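One structure is given below, encoded as structure tokens.
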Amino acid sequence: NVTLPMLKKTTLFVVVADTSTNLLLFAPMQLITGGGPQGSTSVLMYEAYKQAFKYGSYEKGAAITSILVVFILIIVFFQFKLMDEKERRTMGKYSKGKKAAIYAALVIFVIIALFPILYPLMSSFRTDQEIFQYTAPFNLHTLIPVDWTMENYISLFRDHGVGQYIKNTLIVVGITVP
């Protein structure tokens, strides 16, 4: 017999993967409704696509992508909190040397995994002019903005109705996640 507690890790993986995938969903909105009527079916990922590739505002697209990453991290954090305390403490049975090796491998993995997220995040703090100024060759200014600005985030919430897109995204995720 297979019982639900035996499927806990598999179920957690499916829910986390499905939630992350649905947060990034935008093809149906683009193909069926184009985000309309009046943005009622537009979600964050579709708005990021429009800002970056339709309007050429890469810094605003990067800002929306950064908001999405924060949402994904928050949701995944809370989903992992639902795991058993016993399952989270399995590291207690390993020796100090093995724990150190596991943590070192995790740190290396996180650095490699977060690097593709770091560039759009840093780009979201650039000005319109700076976004194309430092593209090649790769140097410190390619990654870190010279003139830091929050204007892209302020503009998104003030002028572009990102609050509505966040609400739409959460509705889509709430309906589609099992």
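The values are calculated or read from the model by the stated rules, or taken from the named source; none is laboratory data. No experiment lies behind these values; they were computed from the predicted model shown. Using ideal geometry, Cβ is built from the backbone for each residue, glycine included, and neighbour counts are taken over all protein chains shown. With ligands, DNA and RNA removed, areas are computed over all heavy atoms of the protein, side chains included. Shrake-Rupley method; radii C 1.70, N 1.55, O 1.52, S 1.80 Å.
Taking the Cα centre of the stretch 7-74 as reference, the dipole from Cβ charges on Lys and Arg (+1) and Asp and Glu (-1) amounts to some 120 debye.
State whether the chain is rounded, prolate or oblate according to the following rule on the C-alpha gyration tensor (a ≥ b ≥ c being the square roots of its eigenvalues): a/c under 1.5 gives rounded; otherwise a/b larger than b/c gives prolate, and the remaining case gives oblate. Mind showing how you got there, number by number?
Values: a/c = 2.93, a/b = 1.33, b/c = 2.20.
Oblate, because a/c is 1.5 or more while a/b does not exceed b/c.
Please find, in a Gaussian network model of the chain (springs between Cα atoms separated by less than 10 Å), the residue of 45, 122, 150 whose mean-square fluctuation is greatest. Taking springs between Cα atoms under 10 Å, the residue moving most is 150.
Within the listed set 103, 49, 165, the Gaussian network model of the chain (springs between alpha-carbon atoms below 10 Å) gives the highest mean-square fluctuation for 103. Heavy-atom accessible surface of the chain, averaged per residue, reaches 65 Å², computed with a 1.4 Å probe.
The relative contact order of the chain, computed from alpha carbon pairs under 8 Å that lie at least 6 residues apart in sequence, is 30 percent.
Whenever you get a sec, compute what percent of the accessible area on the chain sits on carbon and sulfur atoms (1.4 Å probe). Let's see the in-between values first.
Numbers: 8070 of 11520 Å².
Here carbon and sulfur together make up 70 percent of the probe-accessible area.
Highest-first packing order for the peptide set 62-74, 23-35, 108-120 is 62-74, 23-35, 108-120, based on the mean count of other beta carbon atoms within 10 Å.
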